[in-house]
Amino acid sequence: MGSLFSPSFFFFLLFLLSQPFLLILTHCSPHASLEYISAIGDPGMKSPNVRVAFEAWNFCNEVGAEAPHMGSPRLADCADLRTPFASDQQDCSGLGSDSNCIVLQKVSESDNKLGAGEKFPSERFKSYLDPDLYVVEKERYLGSLCEVHDSSNPWSFWMIMLKNGNFDKNSTLCPENGKKMTKLITDRKFPCFGKGCMNQPLVYHNYSRLVSFDKRMVSLTGGFYGTYELDADLNNGIGKNSYFSVSWHKNVSTGSWIFSNQLTTSSKYPWLMLYLRSDATTGFNGGYHYDGRGIMRKLPESPNFKVRLTLDIKNGGGKNSQFYLIDIGSCWKNNGDACNGNTTTDVTRYSEMIINPETSSWCRPNNLASCPPYHVSASGEKIYRNETSRFPYSAYHLYCSPGNARHLEKPYDICDPYSNPQSQELLQILPHPEWAVHGYPKKQGDGWIGDPRTWELDVGALSNRLYFYQDPGTKPARRVWTSINVGVEIYISEGATAEWNVSDFDVIVPPDARDANCCSY
């Protein structure tokens with residue numbers, strides 16, 4: 001038997017390495033050959049420092065009016081662990097005693113209390129009397145205070161989003177499919193107890209503070225909480241009021257942040273939403289029409305990106321809870337062009353995986369309007385919704401079309417025209433074998449209460465299969481996703497409560513993914 005390093009073997013190896021088919025295999029199998037990287041500033045939530053912001057919205061993702069004494073509904077908790085006598089760049093998370101650590105708060109209480117009309121401490125940011133314009137500038141200001149410059153692509157924070165589903169049809173606060181209206185005429189039904197039902201919440205802040213674990217690890221913990229009832233006194237307990245809470249602390253064994261969430265509805269505020277968002281560091285985030293701030297430094301694009309997270313649901317929020325294992329959002333026009341801020345032609349696109357096993361499929365053979373026009377199988381075959389023996393109706397909860405689309409295929413339903421600043425398109429999917437090939441839940445109940453799981457979801461591959469409307473004859477849009485979220489939407493339920501923990505969150509992309517602060521896509 002010849003030596004492994006014989007001359008004949010050496011020349012044979014050189015011959016093999018020179019052959020083009022090896023290069024072709026490398027380029028034809030990107031998932032197998034590319035070493036994916038994290039798209040976010042805090043991969044897997046492992047940073048010892050806190051970077052968390054909070055935003056609150058009315059029904060159409062605007063402010064309308066600020067809550068009394070609360071300021072503009074944008075807050076941030078950005079805190080660094082440091083040794084007291086070391087340089088500002090040395091952290092102390094690995095030291096054994098909290099006496100060796102200090103907390104550097106990047107955002108003050110006065111920063112968080114800034115409200116419409118007030119001057120920003122930095123002249124780089126412009127003050128507005130209009131609360132809808134002021135909140136945008138405040139987000140940028142807070143982002144500048146929290147910004148982390150650990151690479152050429154700075155990032156700001158995770159975003160906690162809270163939204164009130166009340167809508168006063170007698171007001172003109174919300175546009176209709178992106179168009180300002182002087183009077184709304186609609187037969188759609190929305191909850192509202194009367195004037196003022198679209199108010200912003202009372203928000204309270206427990207600033208991040210030091211905590212140690214048996215002298216083995218020093219970390220931070222903090223949170224936001226509050227209610228929509230403006231006359232509530234939470235010192236006396238939640239009672240029958242609405243309530244929200246998000247707190248963060250470290251998992252001692254993994255080093256990941258754990259975000260613990262609670263959302264409770266009330267008779268006056270029966271429709272509430274609470275998400276943890278990974279938003280692009282700049283540009284239009286999903287559902288917004290302005291230049292926002294976030295944590296996602298590279299933009300995930302279908303079909304090549306994945307999402308990892310651990311989700312532990314303690315309480316599901318009742319039968320009307322749409323609990324989103326993953327919610328992806330972006331924006332492109334019906335002709336495939338990228339959005340440019342024109343709310344009459346921009347369209348928000350959403351896809352959401354609902355894992356509440358009590359959520360049924362509205363897409364059925366006798367209700368084709370709630371189905372996408374076709375389904376794309378894992379092999380790439382189109383199956384039309386009227387092929388009743390082959391279309392996977394139970395894989396979909398519902399589909400609705402953008403209100404500004406001009407070439408819709410009948411039958412169709414138009415998405416709610418008021419709950420976004422522009423038209424929106426929504427595709428909600430359910431656990432099903434069709435999606436399980438991408439790491440998604442295979443059946444109802446997977447990952448639900450009592451079944452915490454760490455998921456690795458091939459969101460890029462699945463989202464590439466989904467139907468989204470586009471005008472006939474136009475170039476297909478690039479599916480670049482600027483927001484990736486996890487959380488709950490409790491739909492019109494009185495006194496329902498959802499509780500859940502999120503950790504280990506990461507978005508992974510190919511190394512050549514587009515930088516978020518580079519340019520428009």
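Just a few scattered comments:
- Computed extension length for K410-D451: 10.7 nm, one decimal, from 0.36 nm per residue of separation with the Cα-Cα distance subtracted.
- Computed from Cα atoms alone, the Kirkwood hydrodynamic radius reported for the chain is 24.3 Å.
- The lysine pair tally for the stretch 244-320, using Cα distances under 30 Å and a gap of 8 or more places or different chains, is 8.
- For the peptides 111-122, 412-423, the ranking by mean Cβ contacts within 10 Å, running from highest to lowest, is 412-423, 111-122.
- Surface composition of the chain: carbon plus sulfur atoms hold 52% of the accessible area, using a 1.4 angstrom probe and ignoring ligands, DNA and RNA.
- Here K183 is the anchor, and the aspartates and glutamates within straight C-alpha reach of less than 12 Å, apart from those fewer than 8 places off in the same chain, are D168.
- Projected onto their three principal axes, the Cα atoms of the stretch 352-397 cover extents of 29, 24, 16 Å, largest first.
- Alpha carbon centroid spacing (whole Å) that separates the stretch 169-245 from the stretch 346-422: 30 Å
- Where the Cα pairs of the stretch 307-404 fall when distances are cut into 10 Å bins, in %: 13, 33, 37, 17, 0
- A Förster radius of 51 Å combined with the Cβ-Cβ distance from D515 to K169 puts the calculated FRET efficiency at roughly 0.75.
- The value of relative contact order for the stretch 370-521, using C-alpha pairs under 8 Å at least six residues apart, is 18 percent.
- Linear extension gain, Y204 paired with T83, 0.36 nm per residue minus alpha-carbon span: 40.7 nm
- Counting charges near S483 (Lys, Arg +1; Asp, Glu -1) among other residues having Cβ under 10 Å from its Cβ returns a value of -1.
- Taking the convex hull of Cα positions in the stretch 246-337, its mean projected area over all directions (nm²): 9.0 nm²
- Bridgeable aspartates and glutamates around K333 (alpha carbons under 15 Å apart, same-chain partners fewer than 8 residues away excluded): D346, E425, D471.
- N315-V437 pseudo-label distance in nm [points 7 Å out on the Cα-to-Cβ vector]: 4.0 nm
- With contributions of -39500 (n - 2.57) from each DSSP H run of at least four residues, the per-residue ellipticity at 222 nm computed over the chain stands at -3000 deg cm²/dmol.
- When each of the peptides 374-382, 298-306 is scored by how many other beta carbons lie within 10 Å of its residues on average, the order from highest to lowest is 298-306, 374-382.
- Ranked by how many other beta carbons lie within 10 Å on average, peptides 488-500, 336-348 from highest: 488-500, 336-348
- Formal net charge of residues neighbouring P191 (Cβ-Cβ distance under 15 Å; K, R +1; D, E -1): +1
- Summed residue charge, Cβ within 12 Å of L202's Cβ, Lys/Arg positive, Asp/Glu negative: -4
- Three principal axis extents describe the C-alpha atoms of the stretch 99-211; from largest down they are 62, 33, 28 Å.
- Area projected by the alpha carbon convex hull of the stretch 433-521, averaged over all directions, nm²: 9.5 nm²
- Per residue, the stretch 350-435 exposes 39 Å² of accessible surface when a 1.4 Å probe is rolled over the protein heavy atoms with every protein chain present.
- To the nearest 10, the accessible area of C101 is 10 Å² with a 1.4 Å probe.
- By the equivalent-ellipsoid construction on the alpha carbon gyration tensor, the stretch 97-151 comes out with semi-axes of 28, 13, 8 Å, ordered largest to smallest.
- Within a straight-line Cα-Cα reach of under 17 Å, K113 can be paired with the following aspartates and glutamates, leaving aside sequence neighbours fewer than 8 residues apart in one chain: E55, E66, D77, D130, D132, E137, E139.
- Estimated FRET transfer efficiency (Y384, A338; beta-carbon r; R0 30 Å; 0.05): 0.55
- Estimated D of the stretch 385-478 in µm² per second, where Rh is the Kirkwood radius over Cα pairs and Stokes-Einstein applies at 10 °C, 1.306 mPa s: 102 µm²/s
The values are calculated or read from the model by the stated rules, or taken from the named source; none is laboratory data. Just so you know, these numbers come straight off a predicted model, no measurement behind them. Glycine also receives a Cβ, built like all others from the backbone with ideal geometry; neighbour counts cover every protein chain displayed. Only protein heavy atoms, including side chains, enter the accessible area calculation; ligands, DNA and RNA are left aside. Shrake-Rupley method; radii C 1.70, N 1.55, O 1.52, S 1.80 Å.
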